[in-house]
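What follows is a short report on a single structure.
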Amino acid sequence: MKSLADRPVNPVVGVPVAHESAALHVTGTALYTDDLPIRNSDVLHAWPVQAPHAHARVTALRTAPALGVPGVARVLTAADVPGINDSGTKHDEPLFPSEVMYYGHAVCWVLAETPEAARLGAEAVEVDYEPLASIVTLADAIEKQSFQGDQPTVARGDAGAALAAAAHRFSGEVEIGGQEHFYLETHASFVYVDESGQVFVHSSTQHPTETQEIVAHVLGLTSSQVTVQCLRMGGAFGGKEMQPHGFAAVAALGATLTGRPVRVRLNRTQDITLTGKRHPFAASWEAGFDDDGRLVALRATLTSDGGWSLDLSQHVLARALCHIDNAYWIPNIEVLGRIAKTNKTSQTAFRGFGGPQGMFVIEEVLGRCAPLLGLEPSELRRRNFYTPGQSTPYGQPVRHAERLHAVWEQLLGRADVERRRTDIADFNATHRHLRRALGVTPVKFGISFNLTAFNQAGALVHVYKDGSVLINHGGTEMGQGLHTKMRQVAATALGVSLASIRLAPTRTDKVPNTSATAASSGADLNGAAIRNACDQIRDRLAEVAARKLNIHPDDVRFDDGTVTGIGFSDDGIPFAELVNDAYFQRVSLWAAGYYRTPGLHWDAARMQGEPFKYFTYAAAVSEVEVDGFTGAYRLLRADIVHDVGDSLSPLIDVGQIEGGFVQGAGWLTLEDLRWDVSEGQRRGRLDTQSASTYKLPSFSEMPEDFRVHLFERATESGVIYGSKAVGEPPLMLALSVREALRSAAAAFGPDGRSVELASPATPEAVYWALDRARTAAREAARPAGMDAPVPAPVRAK
Amino acid sequence: MDATQITVNGSIRPCEGISPNLRLLDWLRAEGLTGAKEGCAEGECGACAVLVARPDGDGRTRWTSVNACLPPALAFDGQEVVTAEGLGMADGARTAEELHPVQREMAERGGSQCGYCTPGFVCSMAAEYYRPERDATGSGDRVETGTAVVGEEHASDHETGPNGFDLSSLSGNLCRCTGYRPIRDAAYALGAPAENDPLLRRQDRPAPVARPTKAAEDGTRFIRPDSMEELLSLLEQNPDAQVLAGATDAGVEVNLRHSRPPLVLAVDRLEPLRVLTLGPDRIEIGTALTLSEVERGLAGRVPLLDQLFPQFASRLIRNAATLGGNLATGSPIGDTAPALLALDASVILASTGGEREVPLAEYFTGYRQSVRRPGELLRAVHLPLPLAETTAFYKIAKRRFDDISSVAVAFALRLEYGTIASARIGMNGVAAMPLRALRTEEALVGRPWTEETAVDAAAVMETEGTPIDDLRATARYRSAMLGQSVLRFYAQTSAAPALEVTR
């Protein structure tokens, strides 16, 4: 059999096609989980009772008043759970808690005939709370040493000695904000006990298998008695990897207890206040450079805000530690990671999964230090790139490091950076109140789950007698175009047209024991599994064709629905005819496919190994214009060169790159989670719990000129049709926007000055950064002795 | 009275006996039209957007995009609504040729990823597609759109497409997946509607009239009064009634704070509240005209308001929200108040006992408080003429499109031979109610409009109001923005060539 990366002639992969559901999307006929209840009758609606305390003990729970509200059918409490009262995999997330761990924590759920009755029922439930001391800031958690989980260190060389000997040494601290997923479709589950007695769960979930397992353990059933289906999601971004399970379990518990279908659909307020977000981080760092600006050492401590339970925090932290190097060779390094335990939502997976926070730190270091080293920031970055033969701090060789340099050079050329720098200097010299600047940053992102066991996938491919094909795989569709790519893979592998491949919704009774669709790995894993299934069928069909054509099976070719011998241009057998022949010869026309990523190993205790199949490389140039009166800014242009291997589906990949970039820009510039940190009644309450207070990027944040280029001739060996993952890496390219804003703020002040910029870099944050720069310029304008600042240790706070 | 009913996608659907609290979105979804989605329930995301046939001048109709998550379904009694399902006029999946042009461009250019926001985008885009003023022939050369990957180049930096498409028509729609570029390309690729396009032809005929609806369910009454007399008399008898125009604020109260007013009085189609009169010494603007209607009606006659309109929420909101609603809710961060204060506006308060005129500067009395008495209704806003000639409106917010002000400032100066003869400055976001910056006005009047004057006035302006720290901004930033606004105003209105105008 040919290798996984090889493409046949005339492949369907690589063709730019629209999303496979695009026609359904635009006509409003694509169905999502919460479009199903109105197509059923007798449905009960659920509403949570959310606690108004950051931390409290539940001393009494009286549900009787709710039962008196017209339309209320039942109140679900811990006493109703026949199995295990837990919504997570680590048994630290009680589904119905007796101790409130964050403001808004759901203590019980009301089921009623209408959402309105359920809401009124929830208001009628009486709960007595004994308030307890709470921790609602990362700083407070660090001071009180409130941590959870392991505290791993990634280390190589002797960071302490190298820092002591470094020609230039700097230090700083920085806080990195979290991010709300704000998928447009909030969490939704719809559960009934079907005609065969199984618990049938419709859930908007990235991880149907885990949803199935949690529902089963809450109900005290086996996994075989529960089926989870995910039609499609209206966005997920990691927010539906762990978080859907509890909501599905509530609906399933209600459905089994009442015998009626139960709908759990969070409104936006509930979704934002109940579910976890991207981890905020605090970082302190010390960096040493030689006289050429080469990093000789980095010592840092990264503390993530994990919220009230562990959830995926340990894995997120591991990925942060594995990406603090980003694209840079750091010979001596020692980075400690910690997870704070706070009274907030349990922070969770979000596109990039810790990678963005890790990269943020090193880009902050370079952005802060470049002026003090007298170097253009992008030149400082380039000088520190990995070169072939080097390894990451965790011991993985940086394969294809030369590609990083090639991507960078191509980007600078395509984006016309040299000429634009001159134009920008001219613009800045002639505009008193505006400053423009470029930010250029690279991305090197490791692909595969850090947790090795997740790197496996299954698929089910059926060929029917009429030649039509039905595929199932373990991945879920959240808008990323996975299903589109999987249809292209199947069409390519079977040599049939795209139109003849139908893809059925993801469900756990078709493909069991699946991994989350996450870590950018959906296409790599499931594509290889589909390819495996298709190859089995094609090989069997090749034997049938070979007999008919009187040639060797190796010489049979499948192309666009016609089966021929090698070199034949006529005498083709239509695929459907061959399939029919095969059936009458009693040849199996379906197959289960399987794939495990080879060559991975990871020692989580030592933080050493080769956790990644490969690295994805990319780089971006962003140009911003900042208004000196307000700190408001515009993203004038963004150029990206991205290595996606040989693209499976270029239109889909460009969509992922552009969307990831803008989402990252939102995280870094606009999206600002604010919790009430006062000692008052609302301590711990999320103040930004709606679309009017939590602002996502809109059209006004789109780069006005947006140019994405896919790096060419980039075949990745050992990966499905030579492609590379694309889901997460582009998000981190938005660091170029933050660095451009830093440089633009700096341009209001004197040269050689390190600029502090708060995150997110809102107009207010940029205003204070430029205001400090302007003040420094006024002071520098005073005569004598202020030239050439000497590089010296700086404290960022 | 006729049975309550709404025409959706060309078919009449009865809605007898529905609750006045049932929103248009939930009613549509319960009818099986689940294309429109709830993304935020407060008119911020546009996933629920639909088209409604609204009056457009003499005997014509304008397809108007609105959020379906905010208004009650009963407010659409007798009206015509089109959803994403209706644009293509068929069931289930269909081929590209069967799609509406807006749907086709969105689908083929990668304008949808997860697809959840897409039906709303399609409706907002369709409204702009049919906008009568849009010049689809392209006054300039056609700008190529698309991505290099599929052999096309990107659109250049424009917020109006080569096809006359105004991108701000999509400012009320959020997408979390695409990063918007393919949606912009889809919008800019649209041609003119075909001559026989049924929705285009529908605009040639009058919009449905508003019917005097009366309904009562779930302890709530919904009444659309037939006349001012009926409205004012109902208001006198029920001073706690919820007066409803565009529902852009009242709908949020219903959805997020679960308010359930006992009586809702729909006033948005009452003709006496929808006048726009250009007199010799004043402009009168009816309080039930939507901001979009006011913008079209004034047609650039009040430059300060032309600066305000694009910054006021989004097109979806401006298509429903009214001046009356914005002033009646009296939010300290409402955006019309600063502009109207600078324009020296007054309001007409009407009741069964007659009318009175109150200067807007005396209208607000505290946090969401005003001199409006129980039983009184805001009937009109008066703008005195001639207008001050040197004006500006500055809104400071995190996001340029569709955000809520941290601070907004409006300036109106009269200059005589370079000297400031009068100054009116309105502000929001710096006190419990919108304010005039009286001390700064005083610091300006009688002085030449020079950089020195601006710097001095900025120092005074920084001390106006009593700003606080909140999730949108710190008090310190708000004060700084007050001062900077004076410097910015000077930079933009003085003749010095070195001072550019921010785009």
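The values are calculated or read from the model by the stated rules, or taken from the named source; none is laboratory data. Computed from a predicted model, the values in this text were never measured in an experiment. Here the Cβ is made from the backbone with ideal geometry for all residues, glycine too, and neighbour counts use every protein chain on show.
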In the stretch A:679-696, the residues that are farther than 22 Å from A:Ser346 by Cβ and more than 11 Å from every other protein chain (Cβ to nearest Cβ): A:Glu679, A:Gly680, A:Gln681
Inter-residue pairs, beta-carbon under 7 Å, first away from chain A (no Cβ under 14 Å) and in the stretch B:382-400, second outside any loop (DSSP other than H, G, I, E, B) and at pLDDT below 95, 6+ apart: B:Thr390/B:Thr493
Residue within the stretch A:349-366 that is in contact with a Ser or Thr (Cβ under 8 Å, 6 or more places away or on another chain), farther than 20 Å from A:Pro331 by Cβ and either without any contact (Cβ under 8 Å) to a residue 60 or more places away in the chain or in a loop (DSSP other than H, G, I, E, B) (or both) present: yes
Residue within the stretch A:716-729 that is surrounded by 24 or more Cβ atoms within 10 Å (Cβ to Cβ), in contact with a helix residue (DSSP H, G or I) (Cβ under 8 Å, 6 or more places away or on another chain) and within 11 Å of chain B (Cβ to nearest Cβ) present: no
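May I ask you to list the residues in the stretch A:179-201 that are within 14 Å of chain B (Cβ to nearest Cβ) and either part of a loop (DSSP other than H, G, I, E, B) or not polar (S, T, N, Q) (or both)?
If we filter the stretch A:179-201 for residues that are within 14 Å of chain B (Cβ to nearest Cβ), which is where we start, we get A:179-188, A:190.
Correct list: A:Glu180, A:His181, A:Phe182, A:Tyr183, A:Leu184, A:Glu185, A:Thr186, A:His187, A:Ala188, A:Phe190.
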Test: residue in the stretch A:270-292 that is of a type in the set (D, E, K, R), over 30 Å from A:Gly160 (Cα atoms), within 14 Å of chain B (Cβ to nearest Cβ) and surrounded by fewer than 24 Cβ atoms within 10 Å (Cβ to Cβ): yes
Test: residue in the stretch B:267-276 that is in contact with a Phe, Trp or Tyr (Cβ under 8 Å, 6 or more places away or on another chain) and modelled with pLDDT of 95 or more: no
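Yes/no per residue for (1) within 14 Å of chain B (Cβ to nearest Cβ); (2) small (Gly, Ala, Ser); (3) without any contact (Cβ under 8 Å) to a residue 60 or more places away in the chain; (4) within 29 Å of B:Ala47 (Cβ to Cβ):
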| position | (1), (2), (3), (4) |
| --- | --- |
| A:Ala5 | no, yes, no, no |
| A:Ala60 | no, yes, no, no |
| A:Gly68 | no, yes, yes, no |
| A:Ala73 | no, yes, no, no |
| A:Lys90 | no, no, no, no |
| A:Ala106 | no, yes, no, yes |
| A:Leu111 | no, no, no, yes |
Selection from the stretch B:10-65 of residues that are away from chain A (no Cβ under 11 Å) and among the charged types (D, E, K, R): B:Arg13, B:Glu16, B:Arg23, B:Arg54, B:Asp56, B:Asp58, B:Arg60, B:Arg62
Matching entry among A:Leu636, A:Leu673 (being surrounded by fewer than 24 Cβ atoms within 10 Å (Cβ to Cβ) and facing chain B (nearest Cβ under 8 Å)): A:Leu636
Of all residues making up the stretch A:266-289, the number that are in contact with a helix residue (DSSP H, G or I) (Cβ under 8 Å, 6 or more places away or on another chain) and within 24 Å of A:Thr137 (Cα to Cα): 9
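What helices (runs of 4 or more DSSP H), lying completely within the stretch B:413-503, carry at least 2 residues that are more than 14 Å from chain A (Cβ to nearest Cβ) and hydrophobic (A, V, I, L, M, F, W, C)? First the steps, then the outcome.
Working: elements: B:438-444, B:451-461, B:475-493.
Output list reads B:438-444, B:451-461.
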The stretch B:229-247 residues that are β-branched (Val, Ile, Thr), paired with ones that are crowded, with 19+ Cβ neighbours inside 10 Å and not in a helix (DSSP H, G or I) (beta carbon under 6 Å, 6 or more apart): B:Val243/B:Leu265; B:Val243/B:Val267
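From the list B:Ala431, B:Ala408, exactly one residue is more than 18 Å from the chain's Cα centre (by Cα) and touching a residue at least 24 places away in the same chain (Cβ under 8 Å). Which is it?
Values: B:Ala408 fails: more than 18 Å from the chain's Cα centre (by Cα).
B:Ala431 is the lone residue from the list that is more than 18 Å from the chain's Cα centre (by Cα) and touching a residue at least 24 places away in the same chain (Cβ under 8 Å).
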Residue within the stretch B:180-191 that is surrounded by fewer than 22 Cβ atoms within 10 Å (Cβ to Cβ) and hydroxyl-bearing (Ser, Thr, Tyr) present: no
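Suppose we filter B:Ala361, B:Ala339, B:Ala380, B:Ala388 for residues that are outside any strand (DSSP E or B), buried (at least 23 other Cβ atoms within 10 Å of the Cβ), modelled with pLDDT of 95 or more and of a type in the set (Gly, Ala, Ser); which single one remains? First the steps, then the outcome.
Details: B:Ala361 fails: buried (at least 23 other Cβ atoms within 10 Å of the Cβ); B:Ala380 fails: outside any strand (DSSP E or B); B:Ala388 fails: buried (at least 23 other Cβ atoms within 10 Å of the Cβ).
That would be B:Ala339, the only listed residue that is outside any strand (DSSP E or B), buried (at least 23 other Cβ atoms within 10 Å of the Cβ), modelled with pLDDT of 95 or more and of a type in the set (Gly, Ala, Ser).
Of the residues A:Leu366, A:Leu321, A:Leu317, which is under 19 Å from A:Glu180 (Cα atoms) and modelled with pLDDT of 95 or more?
On the way: A:Leu366 fails: under 19 Å from A:Glu180 (Cα atoms); A:Leu321 fails: under 19 Å from A:Glu180 (Cα atoms).
Result of the check over A:Leu366, A:Leu321, A:Leu317: A:Leu317.
Conditions tested, residue by residue: (1) more than 21 Å from A:Ser203 (Cα to Cα); (2) of a type in the set (S, T, N, Q); (3) modelled with pLDDT of 95 or more.
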residue: A:Gly28; (1), (2), (3): no, no, yes
residue: A:Pro37; (1), (2), (3): no, no, yes
residue: A:His45; (1), (2), (3): no, no, yes
residue: A:Thr63; (1), (2), (3): yes, yes, yes
residue: A:Val69; (1), (2), (3): yes, no, yes
residue: A:Val75; (1), (2), (3): yes, no, yes
residue: A:Asp80; (1), (2), (3): yes, no, yes
residue: A:Thr89; (1), (2), (3): no, yes, no
residue: A:Asp92; (1), (2), (3): yes, no, no
Selection from the stretch A:698-714 of residues that are free of Cβ contacts under 8 Å to residues at least 60 places away in the same chain, at the interface with chain B (Cβ under 8 Å from one of its Cβ atoms) and part of a loop (DSSP other than H, G, I, E, B): A:Ser698
